[in-house]
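**Q** I have a structure here, written as structure tokens, and I will follow up with some questions on it.
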Amino acid sequence: MIRSALAAVVVDVETQNLAEEVGGWGNRAAMKVSVAVTWSSREASFRQYTEAGLPQLFDELFAADLVVGFNTKYFDYAVLQPYSSRDLRQLPTLDLLEEIHRELGFRLSLADLAKATLNARKSADGSEAVKMFRAGKTTELMDYCQQDVALTRDLWQFARANGHLLYESHGRLERVAVRAG
């Protein structure tokens, strides 16, 4: 694990609703937060938040030197913004998906990057996370979200150490350059 003076926070958000239930991806703000999880490089620990704890999440994010996520600028910030009077676009953010899209011209999933780069697998997906929320399975939902944060953290640390991530294309492993802060 790479440690530095950089106070980075890795974040992921899960929602209460699916995009098709709120009128499409253009209405991400209406999806509402179910849970959020962070990992702090300063403390080398995770924090878990429910909707009621979002003010503390925003304090943590705004205190960071760098916020790291996967699809954070397009998705997570859009879902979180209705809960904050502060403009989340002002956060110093490294969005790994944005970096990959900029380099390749197309998107890769967190699951595909984790498999190729880390030989790790996601335990579920966003639609399953909504089902967990609705079933009141908060512990399982937090675990799932925390696993995604851990994968994102590990990808970010790999990219910091190596300057790239790996993905599979036509049965071969390929590299994608990533500026990881």
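**Q** In debye, nearest 20: dipole of the chain around its Cα centre with unit charges on the Cβ of K, R (+) and D, E (-)?
**A** 260
**Q** Sorting Lys122, Lys115 by accessible area (1.4 Å probe), largest first, what list results?
**A** Lys115, Lys122
**Q** Also, I was wondering about something else. Expressed in nm to one decimal, what extension gain is obtained for the pair Glu21 and Leu6 from 0.36 nm per residue of sequence separation less their Cα-Cα distance?
**A** So the extension gain works out to 1.5 nm.
**Q** Given the whole protein assembly as supplied and a 1.4 Å probe, what does the accessible area of Phe70 come to in Å², nearest 10?
**A** 30
**Q** Let me ask something else. Using only the heavy atoms of the protein chains and a 1.4 Å probe, how would His170, His164 rank by accessible area, largest first?
**A** Result, largest first: His170, His164.
**Q** Under 20 Å Cα to Cα from Lys137, which lysines show up? Leave out anything in the same chain fewer than 8 places away.
**A** Lys32, Lys122
**Q** Keeping every protein chain present and rolling a 1.4 Å probe, give me the accessible area per residue for the chain in Å².
**A** Per-residue accessible area for the chain comes out at 49 Å².
**Q** With a 1.4 Å probe and every protein chain left in place, tell me how much accessible area Tyr77 has, in Å² to the nearest 10.
**A** Estimated to the nearest 10 Å², Tyr77 gives 10 Å².
**Q** Still on this model: Hey, could you get me the Stokes-Einstein D for the chain, Kirkwood radius over alpha-carbon pairs, 4 °C and 1.567 mPa s, rounded to whole µm² s⁻¹?
**A** 78
**Q** Here is a further query. How much length is gained if the chain between Ser123 and Ala161 is pulled fully straight, taking 0.36 nm per residue apart and subtracting their Cα-Cα distance, in nm to one decimal?
**A** 11.1 nm
**Q** First compute the accessible area of the chain with a 1.4 Å probe, then give the percent of it belonging to carbon and sulfur atoms.
**A** Answer for the chain: carbon and sulfur cover 47 percent of the accessible area.
**Q** Note down the nm distance, to one decimal, between modelled labels 7 Å out along Cα→Cβ at Lys137 and at Glu51.
**A** Spacing of the two 7 Å Cα→Cβ label points: 2.0 nm.
**Q** Moving on to the next point. By accessible area of protein heavy atoms, probe 1.4 Å, what ranking do Ser41, Ser109 get, highest first?
**A** Ser109, Ser41
**Q** Please give the calculated 222 nm ellipticity per residue for the chain, where each DSSP H segment of at least 4 residues contributes -39500 (n - 2.57) and the sum is spread over every residue; nearest 500 deg cm²/dmol?
**A** After summing the helix terms and dividing by residue count, I get -10000 deg cm²/dmol.
The values are calculated or read from the model by the stated rules, or taken from the named source; none is laboratory data. Treat the numbers as computed from the prediction; the structure is a model and nothing was measured. All Cβ positions, glycine included, derive from the backbone under ideal geometry; neighbour counts span all protein chains shown. Heavy atoms of the whole protein, side chains included, go into the accessibility calculation; ligands, DNA and RNA do not. Shrake-Rupley method; radii C 1.70, N 1.55, O 1.52, S 1.80 Å.
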